[in-house]
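Quick note: the coordinates plus some simple rules give every number you see, no bench work behind them. Quick caveat: nothing in here was measured; it's all calculated off a predicted structure. Every residue, glycine as well, gets a Cβ built from its backbone with ideal geometry; the counts of neighbours run over all protein chains shown.
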Amino acid sequence: MPSTVIVGTQWGDEGKGKVTDFLAERADVVVRYQGGNNAGHTVVVGEEEFRLRLVPSGILYPEKLCLLGNGMVIDPEALVTEMEELEARGVSTANLRISDRAHLILPYHKRLDELEEMGRGKGKIGTTGRGIGPAYNDKSARIGIRTADLLDPAEFHEKLKANVELKNHYLKQVFGVEGFSAAAIEERVLALAEKFKDRITDTSVVLHDALRAGKNILFEGAQGTFLDLDHGTYPFVTSSHPTAGGACIGSGVGPTAITKVIGVVKAYTTRVGSGPFPTELRDSIGDRLRERGHEFGTVTGRPRRCGWLDAVMLRYAARVSGLTGIAITKLDVLDGLDTVKICTGYRIKGEVTEYFPASLKAVESAEPVYEELPGWSESIGAATRLEDLPANTRRYLDRIAELIGVPIILVSVGQRRNQTLVLEDLF
Ligand code: GDP
Ligand code: IMO
Ligand code: MG
């Protein structure tokens with residue numbers, strides 16, 4: 001009964017949705033454990049493209065149980081919209097369950113996200129504007145409102161009233177803007193909750209029962225290692241823990257329940273939002289990766305910054321999440337390049353290091369040390385087995401596995417389910 005965590009190893013958008021959907025075929029339960037609708041996970045099934053935000057990528061299989069874990073922050077507006085959009089496209093959400101301990105994103109969180117970003121000026125994080133940071137702030141300040149509170153309207157009323165008073169004071173004093181009406185928020189949110197309150201439950205118990213029954217569990221990470229609040233490029237990070245440890249805290253299982261950790265590695269690197277990016281390419285190769293890889297944000301439509309693969313980052317990701325295997329995605333985007341480069345170290349103040357520094361100044365000044373490998377001219381999108389890939393493509397893959405010290409278990413060469421090469425069976 002394997003239970004597998006799927007984590008992003010870079011700055012998000014590695015293709016976690018595609019990998020989760022592919023592996024979900026043989027799983028029983030798929031769990032999101034952190035983040036909220038800052039995530040945008042694209043899954044292509046046949047001719048249809050789904051962009052999932054809150055709902056786990058297992059939802060496209062009607063019989064899989066899909067859980068929104070306690071570590072998530074949930075915007076009721078976004079949840080209802082997503083459920084309705086899925087239902088309208090014929091995807092049942094009957095098997096969706098929502099943790100009673102997940103925190104709510106309310107209208108004032110979104111407003112604060114926007115105003116606080118503006119206040120940061122040049123130091124702006126480039127958040128998705130979905131209220132993620134302010135909602136997690138309230139959680140750690142111990143004033144947050146949880147989904148369980150929606151089941152007790154009197155409790156919800158009291159907590160909301162206290163929060164709105166506090167936020168209105170802050171909005172007025174610090175930003176000089178009008179506040180919110182608690183009554184209006186209460187009415188709207190309780191109306192929305194009617195559409196999902198029957199799904200609110202203790203998902204840790206659901207998960208525990210599934211584990212005891214020998215079911216296969218997939219934990220679907222959102223964001224990525226370098227957006228992790230502790231392990232990422234702080235402060236240019238999100239406010240949750242996308243790394244594998246986050247799966248335990250964010251879903252209510254112990255570390256002993258996890259058997260495998262798969263790191264999703266895009267065959268090059270991208271980043272959306274601000275912050276240092278040592279291998280960023282501000283040239284025609286970067287533009288080519290953006291165009292061929294359709295590197296524009298799923299959530300905000302922003303162009304993603306693109307660069308070469310960075311093995312310094314990947315080794316770090318392997319260490320902090322204890323990766324047991326890696327899934328390489330978007331390898332086809334590199335088709336037709338004369339050479340491909342992998343960063344193997346950073347030169348900082350004349351010294352080469354293989355470790356990702358904590359200091360952002362050091363990361364900003366890092367000059368990547370590259371290894372250059374021959375590219376391939378063939379289109380690899382039709383490959384179904386490793387042997388179908390050109391020798392130079394395989395050489396690139398071998399070198400990645402060698403540099404990270406973790407075996408490759410899966411290779412993706414296109415958006416579709418059948419554009420996936422399985423190197424090692426997971427289940
Ligand atoms: P996630 O946030 O990690 O789930 O990734 P996103 O969905 O935001 O971005 C990945 C994008 O690449 C999506 O549009 C996927 O459909 C697409 N994609 C995933 N795997 C591949 C692949 O192997 N090749 C190509 N060309 N596209 C891929
Ligand atoms: P998926 O799950 C890429 C980035 C934002 C910003 C920073 C903080 O699709 O990989 P936030 O709104 O979370 O406070 O923004 O994190 N970010 C992502 N970048 N993929 C994501 O999710 C992201 N979710 C947040 O761009 O730099
Ligand atoms: Mg994404």
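Under the rule that an exposed site lies in a DSSP loop and has at most 11 other Cβ atoms within 10 Å, name the longest stretch of the chain with no GluC sites (Glu not before Pro) of that kind, not counting the sites themselves.
195-423
Quick one: angle between helix 391-404 and the longest Cα principal axis of the chain, in degrees between 0 and 90, rounded to 10, please.
It is inclined by approximately 60 degrees.
Set Lys and Arg Cβ to +1 and Asp and Glu Cβ to -1, take the dipole of the chain about its Cα centre, and tell me which of Gly252, Gly12, Gly176 lies farthest positive.
Toward the positive end, the furthest listed residue is Gly176.
When Arg319, Arg305, Arg142 are ordered from fewest to most other Cβ atoms inside 10 Å of their Cβ, what list results?
Placing the least packed residue first, the sequence is Arg142, Arg319, Arg305.
Under a 5 Å amide H to amide H cut-off, with H placed in plane at 1.01 Å, what residues pair with Gly36 once short-range neighbours are removed?
Residues meeting the amide H criterion: Val73.
Using the Karplus equation 6.51 cos²θ - 1.76 cosθ + 1.60 (θ = phi - 60°), what ³J(HN,Hα) coupling, rounded to whole Hz, does each residue of the stretch 284-294 give in order, writing x for Gly and Pro?
Once rounded to whole Hz, the list reads 5, 5, x, 5, 5, 5, 5, 6, 5, x, 6.
Could you tell me how far the Cα centroid of the stretch 134-193 sits from the Cα centroid of the stretch 205-283, in Å?
28
When only Cα pairs under 8 Å and 6 or more residues apart are kept, what is the percent relative contact order across the chain?
Value for the chain: 20 percent.
In debye, nearest 20: dipole of the chain around its Cα centre with unit charges on the Cβ of K, R (+) and D, E (-)?
640
By count of other Cβ within 10 Å, fewest leading, how are Arg399, Arg304, Arg212, Arg120 ordered?
Arg212, Arg120, Arg399, Arg304
Using only the alpha carbons of the stretch 103-198, determine the length spanned along each of the three principal axes and report them from longest to shortest in whole angstroms.
44, 24, 22
In whole Å, how far is the Cα centre of the stretch 18-86 from that of the stretch 93-125?
The two parts, judged by their Cα centres, are 18 Å apart.
If we count other beta carbons within 10 Å of each Cβ, what is the order of Phe219, Phe175, fewest first?
Ascending Cβ contact count within 10 Å gives the list Phe175, Phe219.
So what are the ³J(HN,Hα) numbers for the stretch 263-279, from phi and the Karplus equation (6.51, -1.76, 1.60; θ = phi - 60°), rounded to whole Hz, Gly and Pro as x?
x, 8, 10, 6, 5, 9, 10, 9, 8, 10, x, 8, x, x, 7, x, 9
Count of lysine pairs in the stretch 103-198 with Cα atoms under 25 Å apart, counting only pairs 8 or more residues apart in sequence or on different chains?
Lysine pairs, 8 or more places apart or on different chains, close enough: 27.
Expressed as an acute angle from 0 to 90° and rounded to the nearest 10, what is the orientation of the C-alpha long axis of helix 182-193 relative to the principal long axis of the chain?
Approximately 60 degrees, to the nearest ten.
Please report Rg (one decimal) and Dmax (integer) in Å for the Cα set of the stretch 256-349.
Expressed in Å, the Cα Rg and Dmax of the stretch 256-349 come to 14.5, 47.
Counting DSSP beta bridges in the chain, what percent are antiparallel, to the nearest 5?
40
How long are the semi-axes of the equivalent ellipsoid of the chain, taking √(5λ) for every eigenvalue λ of the Cα gyration tensor, in whole Å from largest down?
36, 26, 18
Quick one: Karplus J couplings for the stretch 220-226, per residue in order, coefficients 6.51, -1.76, 1.60, θ = phi - 60°, nearest Hz, x for Gly and Pro?
Ordered by residue, 3J(HN,Hα) equals 9, x, 10, 6, x, 3, 7 Hz.
Using helices alone, what [θ] at 222 nm do you get for the chain, with -39,500 (n - 2.57) per DSSP H run of 4 or more residues, divided over all residues and rounded to the nearest 500?
Helix contribution divided over all residues of the chain: -9500 deg cm²/dmol.
Before anything else, pin down the relative contact order of the stretch 103-198: Cα pairs under 8 Å, at least 6 apart, normalised by residue count, whole percent.
26 percent.
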